[in-house]
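The values are calculated or read from the model by the stated rules, or taken from the named source; none is laboratory data. All values reported here derive from a predicted model rather than from experimental measurement. Every residue, glycine as well, gets a Cβ built from its backbone with ideal geometry; the counts of neighbours run over all protein chains shown.
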Amino acid sequence: MPGAVDRPGRAQRAARLRARARLGLAIARRWVRRERPQDRARILARRGRILALRAVRALGRTAAGIGPALAAVRGGFMRRWRRSLQFRTVLITLVLTFVSFLAVGAYLSNQIANNLFQERLAQAENQTRQAVQQVQETFDGAQVTDQQSVLKLVNDTLDQLEDRESSTPRQYVFLAVPNQDQPRNRWVDSRASYLRTENDIPPSLREAVQHSQQEQYWQSIPLTVDNREHPAIAVGNKVSFGGTVYELYLLYDIVSAQQTLDDMQNVLWFGGMFLLLLIGAITWIVTRSVVSPVSHAAAVSEKLAAGQLEERMAVEGEDEVARLGAAFNHMAANLQEQITALANLSHMQQRFVSDVSHELRTPLTTVRMAAEVLFDARDEFSPITKRSAELLYNQVERFQALLNDLLEISRFDAGVAVLDAEPRDMVALVRSAIDKAAPIAAECGSEVKLYTRSPSIIVEMDDRRIERVLRNLLNNALEHGEGRPVEVFVAANADAVGVAVRDHGIGMAASEAARVFDRFWRADPARARTTGGSGLGLSIATEDVKLHNGWLQAWGSKGQGSCFRLTLPLRADGTISESPVALAPADGDVVLVEGTTTRDVVVGPQAFPRTAPPSPETGAP
């Protein structure tokens, strides 16, 4: 039996499979894979996902690389746009010319296309009218009775309507009007040119022709020729034959007109691009001839501003540019002469001040010694002589201070001032300046309060110069504080240390704060001075701060007092990004003397980010 023969074979195969399974897992796996082809598809799908993921990552890296490149190109373009008048002129001219070309080209193209279409449409309508008349006359005069003769007549007549060799090929579609009252011609139903069907005729055109009274209708249609769509015009009318009414449509292929229009548009496009490049080149040349002297004048002006007073413009010809160059050179010569004269005068004045100051030191020393003798013996004199001795001593002291200030200013002007910077404690220096100003504070009836968070702030500075600055700021605050408290705030950040001296006296306007550091300037010359200043203190303080690469700034408001802020870098070679103490109240006018920028908030204990105002001296809440 067949079943008996199959059983031993199956048993043998099962035994062989069990033997193979004992050889190891690898053989079993290979066997399983061989028996499961869907694993292959799963592996291929996984590989496809991996490749797609890699492609996406590659595109991401490419996009990430393109982004900075585009940003660099845009930055270069904007930089060129801002800095080059010639580039802006040429670019604006090109853009306006391109827009004009587009407008004119679109108008011309539309006019040409419309004229070509109207010409072909009129030609198609005339030809269709003549063809329909000839067909109708042929059908009316036909003397045929049998089917073969009728078919031959219709085919020959319609074939004569075709014209495949002209510039406007013509084909036909011949259809019987549906739903006629009288019976149709049983031998002639529909005819069409090769590859043409009734589907080539739009339903709207057929409906118009069917309901017409021998009127002619047309419509633009797409015509498929050699698997490409050509623009065409379908013109339809009705004819009758053997008592049956037919629709006769003539299809005119106007692809030649479209090709003519495309050629003209290409000519307009390439001609416009050529003219655009030509206009751009002409504009570049013309603007270069005009802008080059201006650019040269700008370069010479920058050199003159940098101190190169011998620079001049090259003058060629007699046109407007040449006259501009000549006038510019004349102006530069006058400026050079005046600047040189002023520099010489300033040098003479500085030399005079320095020489006079040095020459006056010896006689002034003698006068001072005599004044001290008289001042020490003033109690032995009569009241009038005693008062005279006191006045003489005070004025000699003031004259000595003025002479010292003049000598210091002369050193700054001569550029021989030297910074002797060493690590010093700013808080201790401020306390020392406050102690030395105590007699003046007592005389003015003001109290000096110190607010600080740190007991010690080490700064690389010239303590002699900075103490002079602090002393000057304190004396000014006490003199103009009108007996109200004077507050001193000291704070530091990672880069700088700041000291703000705030008074609540008469204050000053923004215009006055802008000039407060000028030499010998006083806001109110009629106001009596209690400290006998020389008018050079703030000027010298400004120069001292400049030596430290620091800031000295002033704020003031009438009736609200004023504030002077000193900011120094912690290291002698450091820079300042912002001051650790505030300068002005939020509604005040800030004057930045050295052209720096800071973030200004309310001056006072609120300048420190604490929940409670710090107490004097220690700053502890």
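Numbers for the structure displayed
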read-out	value
Pairs with Cβ under 6 Å, 6+ apart, first in the stretch 443-458 and assigned by TED's automatic domain parsing to the domain that holds Arg571, second at pLDDT 90 or above and exposed (fewer than 14 other Cβ atoms within 10 Å of the Cβ)	Ile458/Pro423
Selection within the stretch 427-460 - out of contact with any strand residue (DSSP E or B) (no Cβ under 7 Å at 6 or more places or on another chain), farther than 20 Å from Arg484 by Cβ and not in a helix (DSSP H, G or I)	Pro455
From the options Gln130, Gln111, residue that is in a helix (DSSP H, G or I), of a type outside the set (A, V, I, L, M), closer than 18 Å to Met264 by Cβ and out of contact with any helix residue (DSSP H, G or I) (no Cβ under 7 Å at 6 or more places or on another chain)	Gln111
Residue satisfying condition, being touching a His at 6+ places or on another chain (Cβ under 8 Å), crowded, with 19+ Cβ neighbours inside 10 Å, charged (D, E, K, R) and touching a residue at least 12 places away in the same chain (Cβ under 8 Å), within set Asp253, Asp200	Asp253
Gly445, sole failed condition from (1) within 17 Å of Gly556 (Cβ to Cβ); (2) touching a Gly at 6+ places or on another chain (Cβ under 6 Å); (3) surrounded by fewer than 22 Cβ atoms within 10 Å (Cβ to Cβ)	(1)
Hits in the stretch 71-107 - residues which are free of Cβ contacts under 8 Å to residues at least 24 places away in the same chain, hydrophobic (A, V, I, L, M, F, W, C) and in contact with a helix residue (DSSP H, G or I) (Cβ under 7 Å, 6 or more places away or on another chain)	Trp81, Phe87
Failed item in (1) without any contact (Cβ under 8 Å) to a residue 40 or more places away in the chain; (2) surrounded by 11 or more Cβ atoms within 10 Å (Cβ to Cβ), with Thr62 passing the rest	(2)
Test: residue in the stretch 216-228 that is within 60 Å of the chain's Cα centre (by Cα) and either farther than 26 Å from Asp262 by Cβ or acidic (Asp, Glu) (or both)	yes
Total residues in the stretch 461-518, condition among the charged types (D, E, K, R) and not in a helix (DSSP H, G or I)	8
Check on Leu175, assigned by TED's automatic domain parsing to the domain that holds Tyr252, of a type outside the set (Val, Ile, Thr), part of a loop (DSSP other than H, G, I, E, B) and surrounded by 18 or more Cβ atoms within 10 Å (Cβ to Cβ)	no
Residue check, Ala124 assigned to a helix (DSSP H, G or I), modelled with pLDDT of 90 or more and either more than 30 Å from Glu215 (Cβ to Cβ) or under 46 Å from the mean Cα position of the chain (by Cα) (or both)	no
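Here is a yes/no grid of residues against (1) surrounded by fewer than 14 Cβ atoms within 10 Å (Cβ to Cβ); (2) in contact with a Lys or Arg (Cβ under 8 Å, 6 or more places away or on another chain); (3) within 20 Å of Gly498 (Cα to Cα):
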| site | (1), (2), (3) |
| --- | --- |
| Phe375 | no, no, no |
| Pro383 | yes, no, no |
| Leu403 | no, yes, no |
| Ala417 | no, yes, no |
| Ala438 | yes, no, no |
| Ala441 | no, no, no |
| Asn476 | no, no, yes |
| Gly481 | no, no, no |
